[in-house]
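J.: This structure is in structure tokens; I'll ask about it shortly.
Just so you know, all these numbers are worked out from the coordinates, no wet-lab data involved. As the structure is a computational prediction, the values presented were derived from the model and not from experiment. Every residue, glycine as well, gets a Cβ built from its backbone with ideal geometry; the counts of neighbours run over all protein chains shown.
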Amino acid sequence: MDEFAKALLAEGNTTVATLLVRRYRELGMTNDEFLVYLQLKSFADQGVAFPETKDLAAALGKSEQQVFDLLHQMIEKKLIQIQPIQKKGQLASDAYDFSLIFEKLAKLTTTQTTATDSRPVATGQSSRQAVFQQIEQEFGRPLSPIELEMISQWLDQDHYEPELVLLALKEAVLSQVYSLKYMDRILLSWEKKHLKTAAQVQQDKARRDRPNTSAPTSKQSTANSPHIPLFNIGDQPYHDV
């Protein structure tokens, strides 16, 4: 037990934000990418800012190529970046920088808080999370990292309201097309019409569905038309020539 206690103290502790643990999937991180982050954080807490790929592979139980691919994915998704660090009296060295993850997490939290404070969401929840949950429920499967990133872009970059995204989901489900690409086309078509809210979309639909009262009815048309007698041409009298 003494040896275990010594080892525990020698290794130190790694602290991870609970908010990140609960919401990393909304940032577009896969489970494997999150495990890579945990290992990188653990090495950083021990003073190793840029661990070798073989050491990460050994800790994760994966091949070096798999770890390299995961790191590359995370850099492409702007979850981590490699930054040079300069220590006094030493040559510059590389280090993994996690600030991008927390910038995304801060933006995610701020967006949700603003949405909660300013307006109710169609589902009655605060609702960025409701959007992800509702889409997963209607699609009948978990969303992939690329799909999670696409939805995040709708909300964060395109600034579509959660209610609008849920309305596009409803249109897709009614058409029996369970695809984010189809939903994206719906959202783009509304954007081209300058329809920015679910209420505006509903009003536009009601206007298009409303019958055209300016067109004359069949009775009005008959009443205003000249009377044309109807007869069977075979009943007309004729004369031999």
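J.: State whether the stretch 1-106 is rounded, prolate or oblate according to the following rule on the C-alpha gyration tensor (a ≥ b ≥ c being the square roots of its eigenvalues): a/c under 1.5 gives rounded; otherwise a/b larger than b/c gives prolate, and the remaining case gives oblate. Could the numbers behind the result be given before it?
T.: Details: a/c = 1.43, a/b = 1.18, b/c = 1.21.
Rounded is the answer for the stretch 1-106, as its axis ratio a/c remains below 1.5.
J.: Starting from 0.36 nm per residue, how many nanometres of slack lie between Lys78 and Val48 once their C-alpha separation is accounted for?
T.: On the way: separation 30, 0.36 × 30 = 10.80 nm, distance 2.14 nm.
Answer, rounded to one decimal: 8.7 nm.
J.: Please give me the summed charge of the neighbours of Gln46: other residues whose Cβ is under 15 Å from its Cβ, Lys and Arg +1, Asp and Glu -1. Mind showing how you got there, number by number?
T.: On the way: positive: Lys41; negative: Glu11, Asp45, Glu52, Asp55.
Result for the neighbourhood of Gln46: -3.
J.: Rank-order 197-208, 127-138 by packing density, defined as the average count of other C-beta atoms within 10 Å over each peptide's residues, highest first.
T.: Details: 197-208: 13.1, 127-138: 18.8.
Highest mean packing first, the order is 127-138, 197-208.
J.: Another question, if that's okay. Can you work out the FRET efficiency for the pair Ser144 and Lys88, with r the C-beta to C-beta distance and R0 = 51 Å, to the nearest 0.05? Spell out each step's value before the answer.
T.: On the way: r = 45 Å, r/R0 = 0.89.
The pair Ser144/Lys88 has a calculated efficiency of 0.65.
J.: Extension gain Lys181-Leu38, at 0.36 nm per residue separation less the Cα-Cα distance, in nm?
T.: Working: separation 143, 0.36 × 143 = 51.48 nm, distance 3.25 nm.
My answer for the length gained is 48.2 nm.
J.: Over 24 Å between Cα atoms, which of Lys41/Lys107; Lys170/Lys193; Lys54/Lys88; Lys170/Lys205 qualify?
T.: Working: Lys41/Lys107 21 Å; Lys170/Lys193 19 Å; Lys54/Lys88 28 Å; Lys170/Lys205 14 Å.
Among Lys41/Lys107; Lys170/Lys193; Lys54/Lys88; Lys170/Lys205, the Cα-Cα distance tops 24 Å for Lys54/Lys88.
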